[in-house]
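The next block holds one structure in the form of structure tokens; read it before the comments.
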Amino acid sequence: MPKNILIVDDSPQIRKLVRTYFDREKDFRVCGEAVDGLDAIEKASELNPDLIILDESMPRMDGLHAARILHSTKSDVPIILFTLHADSISTAEAYAAGVASVVSKMRGMSVLVEQVDSLLKYA
């Protein structure tokens, strides 16, 4: 049975890129998309994802704030912060917010996929 992934990013291009990759994988299924942190909290409650890929810089509610709330309500769901601002986020700050991994968008999809694999396939 495929693992469900929720993609959260205010950029439609990034959401499409991530969705396109995971839609081709038999082990994963994109269960939904959200455009910001508030939308992510609502969608996570409705869709019960197995993993959340979350951008940091978004309108209405940023990724770290959303991660804190998501982690408090769904502590068993790993969160990957997939962001252009990875270098400015401390590991301690991310882990305190409930983030399992911080991946720079500059490093590309291959690093994101490795993290998803390690958190879902081999868990």
The stretch 53-123 - convex hull of the alpha-carbon atoms, volume per residue in Å³
78 Å³
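Divide by every residue of the chain the summed helix terms, -39500 (n - 2.57) for each DSSP H run of at least 4, and state the resulting mean residue ellipticity at 222 nm, rounded to the nearest 500 deg cm²/dmol.
Working: 5 runs with 48 residues, N = 123.
Helices in the chain give a 222 nm mean residue ellipticity of -11500 deg cm²/dmol.
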Interchain or long-range residues, amide H under 5 Å from residue 28's placed H:
3
Based on the Cα atoms of the chain, what semi-axes does the equivalent ellipsoid have, where each is the square root of 5 times one gyration tensor eigenvalue, given in whole Å with the largest first?
18, 16, 15
Where the only charges are on Cβ atoms (+1 Lys, Arg; -1 Asp, Glu), what is the dipole of the stretch 3-118 about its Cα centre, to the nearest 20 debye?
220 debye
Would you please name the trypsin sites (Lys or Arg not before Pro) within the stretch 6-43 that are DSSP coil residues with at most 10 other C-beta atoms within 10 Å of their C-beta?
24, 26
Simple spin-label estimate for residue 46/residue 114, 7 Å along Cα→Cβ, in nm, reads 3.5 nm
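What FRET efficiency comes out for the pair residue 1/residue 88, r = Cβ-Cβ distance, R0 = 41 Å, nearest 0.05? Write down the numbers at each step before the final one.
Working: r = 37 Å, r/R0 = 0.91.
Calculated transfer efficiency: 0.65.
What order, most packed first, do the peptides 96-105, 68-77, 51-60 have when packing is the mean number of other Cβ atoms within 10 Å of each residue?
Working: 96-105: 19.3, 68-77: 14.9, 51-60: 21.8.
Those peptides, ordered most packed to least, come out 51-60, 96-105, 68-77.
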Those lysines that a straight Cα-Cα span of less than 22 Å connects to residue 43, excepting residues fewer than 8 apart in one chain
3, 16, 74
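Coordinate-derived values only; no laboratory data. Everything numeric here is computed off the predicted structure, so don't read it as measured data. Note: ideal-geometry Cβ built from the backbone for every residue, glycine included; neighbour counts use all protein chains shown.
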